[in-house]
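The values are calculated or read from the model by the stated rules, or taken from the named source; none is laboratory data. Note that this is a predicted model, so its numbers are computed, not measured. Cβ: placed from backbone, ideal geometry, glycine included. Neighbour counts: every protein chain shown. These area figures cover heavy atoms from the full protein model, side chains too; ligands, DNA and RNA do not enter into them. Shrake-Rupley method; radii C 1.70, N 1.55, O 1.52, S 1.80 Å.
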Amino acid sequence: MESKRNAVFMTVLLGVMSATCYYLLYHFNEQILEWSKQGGWYFMVPVSIAFLFSIVHGGFTGHFWDLLGVKAKTTKKS
């Protein structure tokens, strides 16, 4: 029971974090574009944001499908 509760908590937490990332990206899109136009090492701004989205949203998606019991099909190699 405790493990199921932890799984639900992590899924909800990662879902909220993912939604927050999307909101912040939408809210600060002009500032992010300005930073990325400056050149130099500022190209790392969108790269870092994409990396953050990948980790947070990927974690949420993995936990979500695990809670629903959806698993990848495994095949035997002969």
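Could you run through the range 50-64 and say how many residues are under 13 Å from Cys21 (Cα atoms) and touching a residue at least 12 places away in the same chain (Cβ under 8 Å)? Looking only at that region, the number is 5. Just one of the listed residues (Ser54, Ser36) is polar (S, T, N, Q) and touching a helix residue (DSSP H, G or I) at 6+ places or on another chain (Cβ under 6 Å), and it is Ser36.
Residues are listed down the side, and each one gets a yes or a no for (1) assigned to a helix (DSSP H, G or I); (2) open to solvent by 50 Å² or more (accessible area, probe 1.4 Å); (3) touching a residue at least 40 places away in the same chain (Cβ under 8 Å):
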position	(1), (2), (3)
Val12	yes, yes, no
Val16	yes, yes, no
Tyr23	yes, yes, no
Ile32	yes, no, no
Phe43	yes, yes, no
Ser48	yes, yes, no
Asp66	yes, yes, yes
Val70	no, yes, no
Thr75	no, yes, no
